[in-house]
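*Asks:* First the structure, then my questions, so here it is.
The values are calculated or read from the model by the stated rules, or taken from the named source; none is laboratory data. Note that the coordinates shown come from a computational prediction; the quantities given were computed from them, not determined experimentally. Here the Cβ is made from the backbone with ideal geometry for all residues, glycine too, and neighbour counts use every protein chain on show. Only protein heavy atoms, including side chains, enter the accessible area calculation; ligands, DNA and RNA are left aside. Shrake-Rupley method; radii C 1.70, N 1.55, O 1.52, S 1.80 Å.
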Amino acid sequence: MLILAGAPIGRLGDASPRLREVLAGADVIAAEDTRRFRRLAADLEVTVTGRVVSYYDANEAGRAKELLDALLAGQTVVVITDAGMPGVSDPGYRLTSLAVEAGVQVTALPGPSAVTTALAVSGLPSDRFCFEGFPPRKPGERARRLAALAGEERTMVFFEAPHRVGAALEAMAEAFGPDRRAAVCRELTKTYEEVRRGTLAELAEWATGEVRGEITLVVAGRAAEDAPPVMDDLVGEVARLEETGVPRKQAIVDVAKSAGIPKRELYNAVHGS
């Protein structure tokens, strides 16, 4: 059996009794950082009897096959990362995929996640959301990724490194608009937990100072009123203006200017070309 175990993202008290039980009884424990895992086990007063192996970004692809062999031999393998749920911007996906293909039972030991924790405390709509992981590091790639998300109506959750959070917020303000609501969640559940709420412009200005700790960004989706008007509606508005005596050419100019679109685009739509 493969068990994906959620680890505390800050407070040790968030660890469940079941986590202690699973760690004590596993045949193999694949840990993102073996030293941090052994420290966690000691803090939880868990005596580890199984084999502990490293399982992180650099060796994930190669080690997954080794772990699959252990699973096929009937052993219980636990995957645990430094914090949060395995597979969520952390190692775990490759092994899970291989295990599923091989018909191995896969289950999860639910635990804390910075994604849902940040979403819950952000004060932003949480009925529909998407997780976008880490934005690209390079400015050009980051700008293109964010531009592709400009029309996203769901609340968006991102991870970001503290030394890049200022640049990321500036890029988001550029792509989504400076008045888009957002929250910067820092050191969630830890001693120095901080949640900053405001517009992207306000948060980008705040982030010009030194920012430390684990960062999760939550950004509101595009509101319905911010959506670009449907072309059929604009054509209808031109027709209504014509009915009031406004010449078609002038109506097209006025409606296109009000909607912020090229008048040629509206002209073609009105004339069916």
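*Asks:* What number goes with the only condition from (1) surrounded by fewer than 22 Cβ atoms within 10 Å (Cβ to Cβ); (2) modelled with pLDDT of 95 or more; (3) more than 16 Å from ALA108 (Cα to Cα) that LEU67 does not pass?
*Replies:* (1)
Per-residue answers, yes or no, for (1) open to solvent by 40 Å² or more (accessible area, probe 1.4 Å); (2) in a loop (DSSP other than H, G, I, E, B); (3) among the hydrophobic types (A, V, I, L, M, F, W, C):
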| position | (1), (2), (3) |
| --- | --- |
| VAL157 | no, no, yes |
| ALA167 | yes, no, yes |
| MET172 | no, no, yes |
| PRO178 | yes, yes, no |
| ARG196 | yes, no, no |
| GLY221 | no, yes, no |
| GLN250 | yes, no, no |
| ASP254 | yes, no, no |
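*Asks:* Now for a separate question. Mind checking whether some residue in the stretch 39-55 is at pLDDT 90 or above, under 20 Å from GLY133 (Cα atoms) and under 26 Å from the mean Cα position of the chain (by Cα)?
*Replies:* Among the residues of the stretch 39-55, at least one is at pLDDT 90 or above, under 20 Å from GLY133 (Cα atoms) and under 26 Å from the mean Cα position of the chain (by Cα), which makes the answer yes.
*Asks:* Is it the case that ARG197 is among the basic types (Lys, Arg), touching a Gly at 6+ places or on another chain (Cβ under 7 Å), within 30 Å of PHE131 (Cα to Cα) and in contact (Cβ under 8 Å) with a residue 24 or more places away in the chain? Explain how you work it out, then say what you get.
*Replies:* Values: among the basic types (Lys, Arg): yes; touching a Gly at 6+ places or on another chain (Cβ under 7 Å): yes; within 30 Å of PHE131 (Cα to Cα): yes; in contact (Cβ under 8 Å) with a residue 24 or more places away in the chain: yes.
Answer is yes for this residue.
*Asks:* Any chance you could count how many residues in the stretch 1-60 are open to solvent by 70 Å² or more (accessible area, probe 1.4 Å) and among the aromatic types (Phe, Trp, Tyr)?
*Replies:* The qualifying residues number 1.
*Asks:* Also, I was wondering about something else. For the stretch 136-155: of the residues being within 15 Å of GLY177 (Cα to Cα) and in contact (Cβ under 8 Å) with a residue 40 or more places away in the chain, which is most open to solvent (accessible area, probe 1.4 Å)?
*Replies:* Selected residue: GLU153.
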